[in-house]
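Asks: Below is one structure. I have some questions about it.
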């Protein structure tokens with residue numbers, strides 16, 4: 001199956017799940033992230049401020065930003081810049097997608113990022129990820145090679161095989177509601 005068709009199928013599956021169900025399912029996924037030893041060890045973590053159709057991270061971000069350095073991505077043209085989340089008052093609607101993005105200085109010490117929690121449209125058992133098609137995360141992940149990369153998804157976003165291209169970056173681990181997988 002090609003990426004366009006897979007994105008269409010996942011979008012249709014997401015539409016069948018209410019926001020309240022996504023919120024409940026997201027809590028299950030994010031609790032699994034909290035149990036990862038890499039999360040316990042990490043002082044600096046890149047998360048994301050979720051859109052309505054993604055695994056919800058707002059509560060998770062708010063629960064952890066006082067104990068760890070929590071970074072969020074900010075869209076800047078075709079790239080993602082990182083800024084530290086310091087509480088809900090630091091968020092402004094991003095220019096391209098209206099997603100909450102922190103204001104403040106750019107975080108440029110990418111070698112300090114120990115863990116990255118990554119959204120995606122679909123993931124497979126080999127820890128391949130398919131995003132929305134703009135390549136934002138693939139470019140960012142290549143600049144943080146030492147960070148442990150965790151894809152998060154609802155179970156219906158797990159597929160047998162994600163079509164991959166040379167520029168796609170694999171996850172080290174994928175966590176969903178009832179499943180997790182580590183790259184060998």
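The values are calculated or read from the model by the stated rules, or taken from the named source; none is laboratory data. Everything numeric in this text was worked out from a predicted model, so none of it was measured. All Cβ positions, even for glycine, are placed from backbone atoms using ideal geometry, and neighbour counts span all protein chains on display.
Asks: Here's a check for you: in region 134-154, which residue that is in a loop (DSSP other than H, G, I, E, B) and under 23 Å from residue 34 (Cα atoms) is nearest to the chain's Cα centre (by Cα)?
Replies: Ranking the qualifying residues of region 134-154, first place goes to 153.
Asks: Check whether at least one residue in region 117-133 is exposed (fewer than 14 other Cβ atoms within 10 Å of the Cβ) and not in a loop (DSSP other than H, G, I, E, B), and report yes or no.
Replies: No, every residue in region 117-133 fails to be exposed (fewer than 14 other Cβ atoms within 10 Å of the Cβ) and not in a loop (DSSP other than H, G, I, E, B).
Asks: Among residues belonging to region 55-80 that are assigned to a loop (DSSP other than H, G, I, E, B) and modelled with pLDDT of 95 or more, point out the one that is surrounded by the most Cβ atoms within 10 Å (Cβ to Cβ).
Replies: Ranking the candidates gives 55 first.
Asks: Turning to a different aspect of this structure: Would you pick out the residues in region 2-12 that are surrounded by 14 or more Cβ atoms within 10 Å (Cβ to Cβ) and touching a residue at least 12 places away in the same chain (Cβ under 8 Å)?
Replies: Within region 2-12, 3, 6, 7, 10 qualify.
Asks: Every residue in region 26-54 that is touching a strand residue (DSSP E or B) at 6+ places or on another chain (Cβ under 7 Å) and either surrounded by fewer than 15 Cβ atoms within 10 Å (Cβ to Cβ) or closer than 20 Å to residue 101 by Cα (or both), please.
Replies: 43, 44, 45, 46, 47, 48, 49
Asks: On to the next question. Before we move on, is residue 171 in contact with a helix residue (DSSP H, G or I) (Cβ under 6 Å, 6 or more places away or on another chain) and buried (at least 19 other Cβ atoms within 10 Å of the Cβ)?
Replies: no
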